[in-house]
Amino acid sequence: MAPTIMMRPIKKDWQRQSQSESEDDDMVGKKDIMPLVMLQVGQHFVPLVITMVGLPARGKTILAYKIQQYLNWTNHKAKVFSVSSYRRKHIELYSSHDLFRKENSEAAEIRQLSAQEAQDDATKWLQDGGDVAILDGTHITQARRQTVYDHFAKVMGYKVLFIECVCDDEMLIEHNVKEVMQFSKDYRNMSSEKALDDFHHKIEHYMEQHEPMKPKTDGYSYIKYLNAGESLTVCRLNSPLQSEVLAFVSNFKPLAKTFYFSRHGESENNVLGRIGGDAELSVRGRTYAAALARYFNNENRLEGLRVWTSELRRTHQTAQGIKAPIEPVPFLNELYAGVCEGLSYEEMQCKFPQEFAWRDQDKLQYRYPWGESYIDIMTRLKPVLLELEGDMDNLLIISHQAVLRCLLGYFLNKKHEELPYINVPLHTIIKLTLSGYKCKMEVIKLNIECVDTYRMQPKNCSVNRSTDDALLTVPAHFENLSLWNHAPIVQL
């Protein structure tokens, strides 16, 4: 049958023109000052199917879900289809490894049906507009892999990439087995001893049927992921999207790791309610910097702690007392507000009311004139995320509200439209503990008073709204830096 080439619909970039009536500011009086607000990066002629291959406890599932997480972050629509989840719909209560014996023909039919259902659902999802389907299963026989390839490549006309997870490190295998025991639904009702024995027998059954891939003769697009990323073998990648997957896989290390995130201490611009700029810390911000140093410099301080800051003064001043290597990273700079740098929200509403309304209408995609958007930050953070997904551990990142929203949103699997409204308060440490594709968050509030910079989306986002409606959710701030001599000029 001839391949059915599925051409993807072309999405139009969203363009705006600034039509401010403020004639005394010629920068805003011109048309076309808003560049493209969002670059749609998920444009490809055909979808991609990633097929995971390998014995149990080789790290396939962790890698599959992390690829999904990264691709969704980079504006591709990616989804994992787990064959074992389909199998559990047919066999709700798992009893023993006998289910995986080669001679158990009845169970083999169920497993074959489950693989077919995953394949069918992946096909439908791609036809409905998905970009990348990830089949998470063992696919240990050449016949099964050929079935997948024939359907997706020859019938549907899609790209197919096989990722084979191989492990010959016994200690790593045992570590993976323990993770399976902890998270697998099959072993929830078994004692740990029985579950461990059962799973080892399951691996033996799969080894009896296992047919390793032969990249030189199979003819497939292929990545071999050996010993959790110790080395990679690559064959016949033939699309930019496959290369993007390779970039992630070549960096990813499935290690348990801990990251700490903190905004800089309260800055003078925070006190005054002004956005952006390169202000210094306030008195209370310097107090927070000292408290942060005490927190990380105690006798139980983290071994091998490293600190990343932005290039701006307020992050350097916040980090200066911490006894650890400190590295400024330009990718961690705050969102640049262009012509609005250093303005308060009240001044922005006064000078550029339409810009202020547009920002409230779609904070994710809004780009300040001659400035940045959240989408821009997400793009420039890609190298940072690839570093964090490697063998990095015990890292403290001191950065800014918008940047930390994006980083936290990635690890917490937040939707893109949620990012601009994640609450990242000042004078707070956020600890993330990563294990596999799971993430645990802990919030540690240091008891140093500061202003609240969080602004909710107002209900009225019309360009014709009143000034009172526009400023309704602006957080309280002070008129000048004499904090204790002047009341806030905006009260919530």
For this session: Using a cut-off of under 19 Å, list every residue of the range 353-391 whose amide N is near the label point 7 Å from the Cα of LEU255 along the Cα-to-beta-carbon line.
Result: 383-391
Seminar exercise, completed: The correct pair for the range 429-469, radius of gyration to one decimal and Dmax as a whole number, both in Å and from Cα atoms, is 18.2, 49
For this session: Take TRP370, TRP308, TRP125 and sort them by solvent-accessible surface of the protein heavy atoms, 1.4 Å probe, largest at the top.
Result: TRP370, TRP125, TRP308
For this session: Find how many whole Å separate the alpha carbon centroid of the range 134-180 from the alpha carbon centroid of the range 323-345.
Result: 42
Problem set entry | Equivalent-ellipsoid semi-axes of the range 257-471, from the Cα gyration tensor, Å, largest first | 30, 20, 15
Exercise. Net charge near SER231, counting Lys/Arg +1 and Asp/Glu -1 over other residues with Cβ under 13 Å of its Cβ?
Worked result: -2
Seminar exercise, completed: So, over other residues within a Cβ distance under 13 Å of GLU204, counting Lys, Arg +1 and Asp, Glu -1, the net charge is -1
Seminar exercise, completed: Measure of exposure for ARG306: accessible area at 1.4 Å probe, Å² rounded to 10, is 90
Problem set entry | Partner lysines for LYS178 [C-alpha distance under 20 Å; skip if fewer than 8 residues away on the same chain] | LYS60, LYS66, LYS194, LYS202, LYS253, LYS257, LYS438, LYS440
For this session: Restricting things to alpha carbons, tell me how big the chain is in terms of Rg and Dmax, in Å.
Result: 26.2, 83
Exercise. Which whole-number percent is the relative contact order of the range 48-251 (Cα, under 8 Å, 6+ apart)?
Worked result: 31
For this session: Report VAL245's accessible area, 1.4 Å probe, all protein chains in place, as a number in Å² to the nearest 10.
Result: 0
Exercise. Between the range 400-423 and the range 435-480, what is the C-alpha centre distance in whole Å?
Worked result: 13
Exercise. Using +1 on the beta carbon of Lys and Arg, -1 on that of Asp and Glu, and nothing else charged, what's the dipole of the chain about the Cα centre, debye to 20?
Worked result: 660
Exercise. What is the local net charge at LYS414, summed over the other residues whose Cβ is closer than 14 Å to its Cβ (Lys, Arg +1; Asp, Glu -1)?
Worked result: +1
Exercise. Taking only DSSP H segments of four or more residues, each worth -39500 (n - 2.57), what value at 222 nm results for the chain once the sum is divided by all its residues, to the nearest 500 deg cm²/dmol?
Worked result: -10500 deg cm²/dmol
For this session: Tabulate in residue order the Karplus-calculated ³J(HN,Hα) for the range 362-374, using 6.51 cos²θ - 1.76 cosθ + 1.60 with θ = phi - 60°, rounded to whole Hz; enter x for Gly and Pro.
Result: 8, 5, 5, 9, 5, 10, 4, x, 6, x, 10, 10, 4
For this session: Could you go through the range 211-226 in sequence order and give the Karplus-derived ³J(HN,Hα) for each residue, using 6.51 cos²θ - 1.76 cosθ + 1.60 with θ = phi - 60°, rounded to whole Hz, and x for Gly and Pro?
Result: 10, x, 6, 10, x, 6, 10, 5, x, 8, 5, 8, 10, 9, 10, 9
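The values are calculated or read from the model by the stated rules, or taken from the named source; none is laboratory data. Worth saying up front: this structure is predicted, and the values here are computed from it rather than measured. Neighbour counts run over all protein chains shown; Cβ positions are idealised from the backbone, glycine included. With ligands, DNA and RNA removed, areas are computed over all heavy atoms of the protein, side chains included. Shrake-Rupley method; radii C 1.70, N 1.55, O 1.52, S 1.80 Å.
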